[in-house]
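Some notes on the structure that comes next.
Throughout, read-outs are computed from the coordinates displayed, never taken from laboratory work. Treat the numbers as computed from the prediction; the structure is a model and nothing was measured. FYI the Cβ positions are ideal-geometry reconstructions off the backbone, even for glycines, and counts take in every protein chain you see.
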Amino acid sequence: MEEKIRFGGMEFANPLLAASSPLTETAGKVRCCQEAGFGGVILKTAAEYKRTGEGYGRKVVFLGEDYYADASYEREILTAEEGLALYEAVKAAGSGMAVIPSVSANSMEAEDWLRICRRFEMLGAGLIQLDFFYLGSSIRFGNGDFYRRLGEFLARLQSGLNAVVMPKLNFNFAPRETCMALADCGIGQVSLLDSIRVPLPERFGLHRDTTSYFGRKQLPLTLAYLRCAVEAGLEVCAGGGVSCVQDADLLLENGAKLVQTASFVLKNGFRSAPVLLHRTPAVISGNWRTWCEAERYGGKGCEFCGFCRK
């Protein structure tokens, strides 16, 4: 029997996690993740905001083995109510699989994050991912004491919660300075690594400020952050650029305790996930697609993301 893994105070059946993504934005898809053999899931990120309906849908462009995804904030981020309802539905299903909510806010004010974290904590969450993807502007336009302020911000969050918080870094964060700041303020876990903002030429019809790259080119960057995190004594849930079992093995060999993935499954289907654990493909009940759930966002049906025509 496979030995269970302890991470951030939680127990995982194996080291493979479904990253916060289209794989984890509905209870049905989370069930597919369970059937595919994931040891846990990180739910789609939620934030306290009101959806206005002014956003736009999701579009994906595949270029060889790489792909570029474009979607508005309103399409990609669940409202707090949606995120809490999703967490409750997944927990009520009683799978026993480890479930980690993911939250975000558009500031570095601790109270903006504490409000939603406490709501998940009241539902029983013991480990919460802090999605820093939308904090890039705080880095680009911040002054030289950013990492000190980051440490103070995280210390305030951790002291205001019983749950463990796990920051998910983006590429605007300098790896060594960030990991040391996390360790110095008492953070013990880190999630690596988010997508890269890479705008494509206008002919692809993607929005310049909301297009992200997913693919093998992320892996060297993930490894660089992983090594800095391990040096700082952090427990690491690593991912970004995993395209085969050797990539997952490489992250574990370099000190990751858990490996998270989404793009591998988005490209190859839910049944492909066990391959990353050196197992045979899984049998998945139902006809769940990895991408399209557009009816949840206004009832307009197909978003023309391009996945089913890949």
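Quote to one decimal, in nm, the extra length available between Asn162 and Met122 on full extension: 0.36 nm per residue of separation minus the C-alpha distance between them.
13.4 nm
Contour minus end-to-end for Arg208 and Tyr73, with contour as 0.36 nm per residue of separation and end-to-end as the Cα-Cα distance?
Values: separation 135, 0.36 × 135 = 48.60 nm, distance 1.34 nm.
Residue separation times 0.36 nm, minus the Cα-Cα distance, leaves 47.3 nm.
What pairs in Lys29/Lys50; Lys4/Lys44; Lys4/Lys217; Lys29/Lys217; Lys44/Lys168; Lys44/Lys267 have C-alpha atoms more than 22 Å from each other? Spell out each step's value before the answer.
Details: Lys29/Lys50 24 Å; Lys4/Lys44 24 Å; Lys4/Lys217 31 Å; Lys29/Lys217 27 Å; Lys44/Lys168 13 Å; Lys44/Lys267 18 Å.
The answer is Lys29/Lys50; Lys4/Lys44; Lys4/Lys217; Lys29/Lys217.
Antiparallel DSSP bridges in segment 5-309: what percent, to the nearest 5?
On the way: 14 of 39 bridges.
About 35 percent, rounded to the nearest 5.
Place a +1 charge on the Cβ of each Lys and Arg in segment 5-309 and a -1 charge on the Cβ of each Asp and Glu, then give the dipole magnitude about the Cα centre in debye, rounded to the nearest 20.
The calculated dipole for segment 5-309 is roughly 540 debye.
What is the chain's relative contact order, in percent, from Cα pairs under 8 angstrom and six or more apart in sequence?
20
Suppose we keep just the alpha-carbon trace of segment 143-204; what are its Rg and Dmax in angstrom?
My reading of the Cα-based Rg and Dmax gives 14.5, 49 Å.
Treat each spin label as a single point 7 Å out from the Cα along the C-beta direction, and report the Asn106 to Arg149 distance in nm.
If labels sit at Asn106 and Arg149, their model points lie 1.7 nm apart.
Assuming 0.36 nm per residue, please report the length gained on full extension of the stretch Glu11 to Ser95 beyond their Cα-Cα distance.
28.9 nm
Say R0 is 35 Å: what FRET efficiency, to the nearest 0.05, do Leu252 and Lys50 get from their beta-carbon distance?
E between Leu252 and Lys50, to the nearest 0.05, is 0.30.
Which of His278, His207 has the fewest other C-beta atoms within 10 Å, and how do the rest follow up to the most?
Least crowded to most crowded, the residues run His278, His207.
Among Ile196, Ile100, Ile77, which comes first, then next, by fewest other beta-carbon atoms within 10 Å?
Listing Ile196, Ile100, Ile77 from fewest to most nearby Cβ atoms yields Ile196, Ile77, Ile100.
Return Cys33, Cys179 ranked ascending by Cβ neighbour count within 10 Å, so the fewest neighbours appear first.
The most exposed by this proxy come first: Cys33, Cys179.
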